[in-house]
Amino acid sequence: MTKPHIKLFIPGPVEVSEDTFQAMSQPMIGHRGSGFQDLYAAIQPKLRQVLYTKNPVFLSTSSAWGVMEASVRNLVAKKVLNCCCGAFSDKWLDVSQRCGKQAEALKVEWGQPILPEMVDAKLKTGQFDAITLVHNETSTGLMNPLAEIAQVVKKYPDVMFVVDCVSSMTALKIDTDALGIDVLLAGVQKAWAMPPGLAVFAVSDRALKRAETIPARGYYFDFLEFKANHDKNMTPSTPSIPHIYGLNFKLDQFAKEGLDNRYARHRKMAQKTRDWAKANGFELFPKAGYESVTLTCVKNNKNIDVSKLQKALKDKYKVLIDGGYGPIKGKSFRLAHMGDETPETVGQLHTMLDDCLKSL
Ligand SMILES: *Cc1c(COP(=O)(O)O)cnc(C)c1O
């Protein structure tokens with residue numbers, strides 16, 4: 001007997017549509033042949049449009065962490081400043097150190113944003129040649145003020161600006177080139193609404209120049225290997241070709257919806273979810289004004305039994321929500337509203353939540 005499908009409202013992986021799976025299930029082609037090169041070339045202008053960049057957009061068959069680690073390995077000679085405000089951004093410091101790099105944390109409490117003046121104070125010391133920022137900190141449901149931070153980083157031309165947009169890419173406009181972002185990266189299992197296994201990243205000329213000066217970049221994630229193969233419309237090693245078919249399909253879907261409509265849909269879903277939380281007497285975990293557009297991290301100020309709520313939703317409605325990340329497990333819960341979800345499907349989740357909260 002096949003198990004009933006449990007619909008995902010966790011912040012990644014998210015629900016994947018039938019037509020996306022269908023688009024991915026096409027006959028295999030060789031990754032060194034013209035069929036693949038045509039596919040790769042066809043995707044590039046669409047990717048550059050969605051990422052607002054003239055830079056090449058590379059495709060890595062890995063999760064996002066592959067590219068997060070790669071950015072440190074390819075770009076840091078002196079010292080990297082890792083902005084830490086939650087589980088993913090905190091971990092990046094650890095990863096930098098594991099790569100044998102000099103690294104320092106700019107650390108704020110979970111739920112608090114990284115502010116431009118904090119970044120300025122650190123970069124002013126002249127110690128750093130790279131900075132990592134998680135735009136949308138998925139563990140706390142917080143979105144950092146990317147544009148304001150970008151203005152500060154621009155004052156320091158030797159500092160490479162690496163931005164994780166894993167859970168925000170495609171949900172709001174991220175103007176890569178105007179913001180001076182050297183590496184913009186994401187995995188496709190979040191707002192792209194694809195199965196996990198592929199990461200997308202845009203790399204600036206400056207960053208490629210820097211990579212040329214860095215020894216021990218390795219092979220699999222060497223930016224210069226990506227660039228050399230990109231110039232032939234290929235990837236360094238055999239990629240997940242089904243994902244690339246899927247990416248092409250998704251990009252066409254985004255164009256059909258219109259990017260501005262897509263962003264407006266995400267704003268609506270976020271507002272509706274914040275309103276739902278407040279109407280039910282909950283507070284939001286992140287500092288006011290910095291709430292994420294793709295997920296809502298609800299503070300459990302009512303002290304409900306979060307695991308019981310999760311179980312009730314799963315048993316009765318076959319939907320899965322997240323019960324809080326790491327140290328804030330049970331003290332918060334997270335509702336994702338990204339990818340292919342709509343204000344209607346998000347509203348349905350709220351109705352299910354209302355019903356299950358009553359029965360706790
Ligand atoms: C999910 C996530 C990651 C990690 O992605 P993987 O695909 O598991 O490597 C990194 N950063 C953020 C902000 C995320 O949400």
Quote to one decimal, in nm, the extra length available between Tyr219 and Lys318 on full extension: 0.36 nm per residue of separation minus the C-alpha distance between them. 31.4 nm
With T = 25 °C, eta = 0.890 mPa s and Kirkwood Rh from C-alpha pairs, the Stokes-Einstein D of the chain in µm²/s is about 117
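Ser34 to Lys3: extension gain in nm, 0.36 nm per residue of separation minus the Cα-Cα distance?
Numbers: separation 31, 0.36 × 31 = 11.16 nm, distance 4.07 nm.
Extra length available between Ser34 and Lys3 comes to 7.1 nm.
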Among Leu47, Leu224, rank each residue by its count of other Cβ atoms within 10 Å, from fewest to most, as a rough exposure measure. Leu224, Leu47
HN-Hα J in Hz across segment 162-175 - Karplus 6.51, -1.76, 1.60, θ = phi - 60°, x for Gly and Pro: 10, 10, 7, 10, 3, 9, 10, 4, 5, 8, 8, 6, 10, 8
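Per 0.36 nm of contour for each residue apart, how much would the distance between Lys107 and Ala279 grow if the chain were fully extended, relative to their Cα-Cα spacing? Display every interim value, and only then the final one.
Values: separation 172, 0.36 × 172 = 61.92 nm, distance 3.24 nm.
Length gained between Lys107 and Ala279: 58.7 nm.
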Net charge contributed by nearby residues that have their C-beta within less than 15 Å of His31 (K/R +1, D/E -1): 0
What is the sum of charges, Lys and Arg at +1 and Asp and Glu at -1, for the other residues whose Cβ falls under 10 Å from the Cβ of Thr170? +4
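Please compute, over every Cα-Cα pair in segment 236-338, the percentage with a separation greater than 24 angstrom. If you can, show how the numbers build up before the last one.
Values: 2133 of 5253 pairs.
In whole percent, the share of Cα-Cα pairs in segment 236-338 beyond 24 Å is 41.
In the calculated pair distance distribution of segment 274-331, what percentage of Cα-Cα distances lie above 18 Å?
Numbers: 594 of 1653 pairs.
Of all Cα-Cα distances in segment 274-331, 36 percent exceed 18 Å.
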List the aspartates and glutamates whose alpha-carbon lies under 16 Å from that of Lys287, not counting same-chain residues fewer than 8 positions away? Glu109, Glu137, Asp275
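Can you check what the net charge comes to around Ser96, using other residues whose Cβ is under 15 Å from the Cβ of Ser96 (Lys, Arg +1; Asp, Glu -1)?
On the way: positive: Arg73, Lys78, Lys79, Lys91, Arg98, Lys101, Lys107, Lys122, Arg217; negative: Glu69, Asp90, Asp94, Glu104, Asp129, Asp164.
With Lys, Arg at +1 and Asp, Glu at -1, the neighbours total +3.
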Using the Karplus curve 6.51 cos²θ - 1.76 cosθ + 1.60 with θ = phi - 60°, work out ³J(HN,Hα) for each residue of segment 95-101 in order, rounded to whole Hz, and write x for Gly and Pro. 5, 4, 5, 5, 7, x, 9
Can you give me the pair-distance distribution of segment 167-250, C-alpha pairs, 10 Å bins, whole percents? 15, 44, 36, 5
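For an R0 of 45 angstrom, estimate the FRET efficiency from the Cβ-Cβ distance between Ser63 and Leu357 and round to the nearest 0.05. Please report the intermediate quantities before stating the final value.
On the way: r = 34 Å, r/R0 = 0.75.
That pair, Ser63 with Leu357, gives E of 0.85.
Which pairs break 19 Å Cα to Cα here: Lys7/Lys316; Lys78/Lys122; Lys46/Lys272; Lys46/Lys250; Lys79/Lys124?
On the way: Lys7/Lys316 12 Å; Lys78/Lys122 14 Å; Lys46/Lys272 30 Å; Lys46/Lys250 10 Å; Lys79/Lys124 13 Å.
Where the Cα-Cα span goes over 19 Å, the pairs concerned are Lys46/Lys272.
Treat the count of other C-beta atoms within 10 Å as a stand-in for reagent exposure and order Ser63, Ser307, Ser240 from fewest to most.
Values: Ser63 16, Ser307 13, Ser240 19.
Arranged by neighbour count, lowest to highest, Ser63, Ser307, Ser240 become Ser307, Ser63, Ser240.
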Amide H of Lys107 versus every other amide H placed in the peptide plane: which residues, excluding those fewer than 5 positions away on the same chain, fall under 5 Å? Cys84
GNM of the chain, Cα pairs under 10 angstrom: of Val57, Val306, Val203, the biggest fluctuation goes to Val306
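Could you put Met28, Met352, Met169 in order, starting from the residue whose Cβ has the fewest other Cβ atoms within 10 Å?
Values: Met28 10, Met352 18, Met169 27.
Sorted ascending by nearby Cβ count, the order is Met28, Met352, Met169.
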Are there trypsin sites (Lys or Arg not before Pro) in segment 165-251 that DSSP marks as loop and that have at most 14 other Cβ atoms within 10 Å, and which are they? Lys173, Lys232
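Between Phe21 and Asp252, what's the calculated FRET efficiency when r is the beta-carbon distance and R0 is 22 Å? Round to 0.05. Mind showing how you got there, number by number?
Working: r = 16 Å, r/R0 = 0.71.
With R0 = 22 Å, the Cβ-Cβ based efficiency is 0.90.
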Distance histogram for segment 116-185 (every C-alpha pair counted, 5 angstrom bins, percent rounded to whole numbers): 3, 17, 31, 25, 15, 7, 1
Give me the distance between the Cα centres of segment 228-276 and segment 6-81, rounded to whole Å. 9
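Any read-out appearing in this document is the output of simple, stated calculations on the displayed coordinates, not a laboratory observation. Every value quoted in this text rests on a predicted model; they were computed, and no experiment measured them. Please note: Cβ atoms are built from the backbone with ideal geometry, for glycine as well, and neighbour counts cover all protein chains shown.
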